[in-house]
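Comments concern the structure below.
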Amino acid sequence: MSIEKTESALTNKKKEYWVGFDLGGTKMLAAVYDADFKLLGKKRKPTKGHEGSDAGVERVLGVIIKALEAAEVSTDQIAGIGIGAPGPLDVIDGVVLDTPNLGWKDVPIRKELQKEFGCPAVLMNDVDAGVYGEFRFGSAKNARCVIGLFPGTGIGGGCVIDGEIFRGSRLSCFEIGHMRVVPDGPRCGCGRRGCLEAVASRLTISSHAAAAAYRGQAPYLKEEIGTDVSNIKSGALAASIKAGDKTVEGIVRAAARHLGTAAGSLVNLLNPDVIVLGGGLVEALPDLYSDVVVAAARKRAMACYQDTFKVKVASLGDYASVQGAAAWARHTLETKKV
């Protein structure tokens, strides 16, 4: 082999590092992977969305730089970056269009990443990234059709079919949190009534649990956590149920049934092999969510579909989105989809 070819081979090898990034409403996480998607380094920081998009973009760039330092990888060794962000997004131009929980509007994040690191970047919905991560490396590995449901502050959904993320021609989609499940139900943050998010999100559950505690129906929660909704997170709900607050358990089960009913409708539509449940609530209460969602989904699904799918709890935790984003970046760049 000539010196030129040897140098070229070494250069190509050095470029086989992939960065995944998860941009959340409360935290951001960057991770660096080798060609086999072995984790080499990571960095996490609070998002601080209230500081605005300019400061936010600088934090994104800084967190990636710190993750690269932890991995001992230089910027000229990056083959590509995948970033998962809350929608709605323009995934073609790589623009965060309007993300209320971040306060970002029309932010060209892909352009900023490519300018800073000199490599291709791919923008995707954060839940799509998590579902793709579970499809490639986790609970739904190698399934033909995967639906992901992630109840949290809101409710995110995603779908992978034949190895490709289901999305619109230009925008991210699969906004299951805004499927109508209760006619004339409570008003959702999107302005419409009866959305799944309005009856089954962690924010809704926490609000009802706070009211129960205030009325004396959840003594453990009132004594240990209080009635401030901002303090009633997934772990607090799990602890309350474990301590015997039956009213809180009923609230969570009702929300999980709504999620399962929506899942059953999706079974009728897409006939998935696997439904993956993820997010903080599911991590805190995996058995409760799995059992209730399975029962409700099978009740809602047509008879011919009732035994065709499995419900599994996500196995990658926080790293589903970052690993999925990195892997999707590689997939889209190597298949020339961007």
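Just so you know, all these numbers are worked out from the coordinates, no wet-lab data involved. These numbers come from a predicted model, not from an experiment. Glycine also receives a Cβ, built like all others from the backbone with ideal geometry; neighbour counts cover every protein chain displayed.
Remarks
- Close lysine pairs were tallied over region 140-313: pairs 8 or more places apart or on different chains with Cα atoms under 20 Å apart number 9.
- Charge tally in the Cβ shell below 12 Å around residue 96, where Lys, Arg are +1 and Asp, Glu are -1, residue 96 excluded: -3
- Neighbourhood net charge (13 Å Cβ-Cβ; Lys/Arg +1, Asp/Glu -1) for residue 313: -2
- Which of 166, 205, 313, positive extreme of dipole for region 140-313 (C-beta unit charges): 166
- Entry note, the chain: the mean residue ellipticity at 222 nm calculated from DSSP H runs of n ≥ 4, each adding -39500 (n - 2.57), is -13500 deg cm²/dmol after division by the residues and rounding to the nearest 500.
- The Rg/Rh ratio for region 222-286 is 1.08, where Rg is the radius of gyration of the alpha carbons and Rh is the Kirkwood radius.
- Cα gyration tensor shape of region 198-338, rounded if a/c is under 1.5, else prolate or oblate by comparing a/b with b/c: oblate
- Residue-count net charge about residue 157 - beta-carbon cut-off 12 Å; Lys, Arg +1, Asp, Glu -1: -3
- For 241, 83, order by how many other beta-carbon atoms lie within 10 Å, fewest first: 241, 83
- In plain terms, the chain from residue 70 to residue 265 could stretch by 65.8 nm, reckoned as 0.36 nm per residue minus the Cα-Cα distance.
- Going from the fewest other Cβ atoms within 10 Å to the most, the residues 190, 195, 159 appear in the order 190, 159, 195.
- Relative frequency of Cα-Cα separations exceeding 32 Å in the chain, percent: 32 percent
- Residue 215 versus residue 45: modelled label distance in nm, points set 7 Å from Cα along the beta carbon direction: 4.5 nm
- Which of 302, 28 has the fewest Cβ neighbours within 10 Å, and the rest in rising order: 302, 28
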